[in-house]
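S.K.: Below you'll find the structure I mean.
Read-outs throughout are calculated quantities, based only on the coordinates presented, and are distinct from any laboratory measurement. All figures in this text were calculated on a predicted structure; none of them were measured in a lab. Ideal geometry is used to build each Cβ from the backbone, glycine not excepted, and the neighbour counts take in all protein chains shown.
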Amino acid sequence: MPGAEVALTLDVEGDFGSAALRGVDEALPRLLDALDARAIPATLFVVGDAARARPAAIRDAVARGHAVASHSMTHPALSRCSRARQRAELADSRAALEDVTGAPCLGFRAPYFDLPRDLGPLLEEAGYAWSSSKAPFSPVALYRHLGQTRGAHALPGSRVREFPVPGLLGLPIPEGLSYRRLFRPLLALRPRPPRVFYLHPYELLDRVEDFALPRWMRPFVTLGQGRAASALLWRSVDAWRGAGARFVTLPGGGT
Ligand SMILES: [Zn+2]
C-alpha cells in the first residue's frame, strides 16, 4: 500500500497578528533549510502585504522548490468583510504574489480558517482553482466547518477544490503545530499522518516581541514556542515519514 500523502503548509504572515515580520526574516530561512535537508517540499500561504515587504524571501522559497499560494492581502477575518473587500483581498493578493513569484497563483487559504460559506464562486471568479481554508475549529469561525474536514471536496457553487486541515485523532482540534503544542499529551496516541498540516514560521521564534492577537490568547498561542515547537515539529514530521508518508505540495494529485 502506498504511504499517505502529507502536505506541510506554512502560513506566512505578520508575527502573532502584528505587522512585524521576524518570523519571515529569522524563522522561515531556518525552516526552509531544515525542509531542504529532508527533501520535503512545503506549500506557503503568503499574505500579499508580507510578500510585497519581503519579496526576496518568497522568491527564495520558490527557488528551493516550494509552492506559493495566497493567504489574502491583509489577513482580515473574511466573514466580517464586505463583498467588495472580500473581492479585493482575493484579487490584490493574487496579483501581488504573481508579481513577486512570476508564476500563477491558484491556491488560497482564508485567514483564521474563516471561509464564508459562499466564497467558492468569488474564489473562482478571482482565478483560484483550489483552497485549503477549512479546519474543524477556528477562534473566528468556531465550529463552522465541523464534519467538512475529512476529505477534499468542491466548494459549494464552484469548481474550486477544497483541501481541509483535518482533525487531530478525529477530534475537533485542527492538525496544526499550535494545537499539537496545546494538546501535546494526545500525541502519545500516535495520530496518523494528516493529509494537510499547518504552522506559522513565527511559532519557531524563541522570543515573542510583537503580539497583536486578543490578549486572552497569549498563553495558549505562545505555549511551547520556539525551540520546543521546533523539536515537536521535526519529531512529528520524522514520525510520519517513518510511517511511510510522502510529502507533497498542494493541490497534489487531486485526491
Ligand atoms: Zn493566517
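S.K.: Mind checking which residues of the stretch 91-150 are away from the ligand (no atom under 16 Å from the Cβ), polar (S, T, N, Q) and either within 28 Å of Met217 (Cβ to Cβ) or within 16 Å of the chain's Cα centre (by Cα) (or both)?
M.R.: Answer for the stretch 91-150, where residues must be away from the ligand (no atom under 16 Å from the Cβ), polar (S, T, N, Q) and either within 28 Å of Met217 (Cβ to Cβ) or within 16 Å of the chain's Cα centre (by Cα) (or both): Gln148, Thr149.
S.K.: Identify all residues within the stretch 198-217 that are touching a residue at least 24 places away in the same chain (Cβ under 8 Å) and within 22 Å of Arg184 (Cα to Cα); write none if there are none.
M.R.: Tyr198, Leu199, His200, Pro201, Tyr202, Glu203, Leu204, Leu205, Val208, Met217
S.K.: Which ones in the stretch 1-31 are within 15 Å of the ligand (Cβ to nearest atom) and assigned to a helix (DSSP H, G or I)? Give the steps one after another, and end with the answer.
M.R.: Initially, the stretch 1-31 is screened for residues within 15 Å of the ligand (Cβ to nearest atom), giving 9-21, 23-24, 27-28.
Across the stretch 1-31, the qualifying residues are Asp15, Phe16, Gly17, Gly23, Val24, Ala27, Leu28.
S.K.: Kindly provide the set of residues from the stretch 163-213 that are part of a loop (DSSP other than H, G, I, E, B) and either within 15 Å of the ligand (Cβ to nearest atom) or closer than 14 Å to Glu13 by Cβ (or both), ordered by number.
M.R.: Val165, His200, Leu205, Asp210, Phe211, Ala212, Leu213 - these are the residues of the stretch 163-213 that are part of a loop (DSSP other than H, G, I, E, B) and either within 15 Å of the ligand (Cβ to nearest atom) or closer than 14 Å to Glu13 by Cβ (or both).
S.K.: Another question about this same structure. Which residues, taken from the stretch 84-129, are buried (at least 19 other Cβ atoms within 10 Å of the Cβ), assigned to a helix (DSSP H, G or I) and among the basic types (Lys, Arg)?
M.R.: Arg94
S.K.: So which of Ala53, Ala34 ends up being surrounded by fewer than 19 Cβ atoms within 10 Å (Cβ to Cβ), within 16 Å of the ligand (Cβ to nearest atom) and hydrophobic (A, V, I, L, M, F, W, C)?
M.R.: Every option except Ala53 fails the conditions.
S.K.: Against the condition away from the ligand (no atom under 15 Å from the Cβ) and either touching a Gly at 6+ places or on another chain (Cβ under 9 Å) or closer than 29 Å to Arg144 by Cβ (or both), how does Arg64 come out, does it pass?
M.R.: Answer is no for this residue.
S.K.: Just need a number here: residues in the stretch 67-85 that are farther than 30 Å from Leu35 by Cβ and either among the aromatic types (Phe, Trp, Tyr) or within 16 Å of the ligand (Cβ to nearest atom) (or both).
M.R.: Here is the first cut: in the stretch 67-85, the ones farther than 30 Å from Leu35 by Cβ are 79-85.
With the extra rule that they be either among the aromatic types (Phe, Trp, Tyr) or within 16 Å of the ligand (Cβ to nearest atom) (or both), the set shrinks to 79-81.
Qualifying residue count, the stretch 67-85: 3.
S.K.: Output the number of the condition that Ile40 fails; it satisfies all remaining conditions of (1) away from the ligand (no atom under 16 Å from the Cβ); (2) assigned to a helix (DSSP H, G or I).
M.R.: (2)
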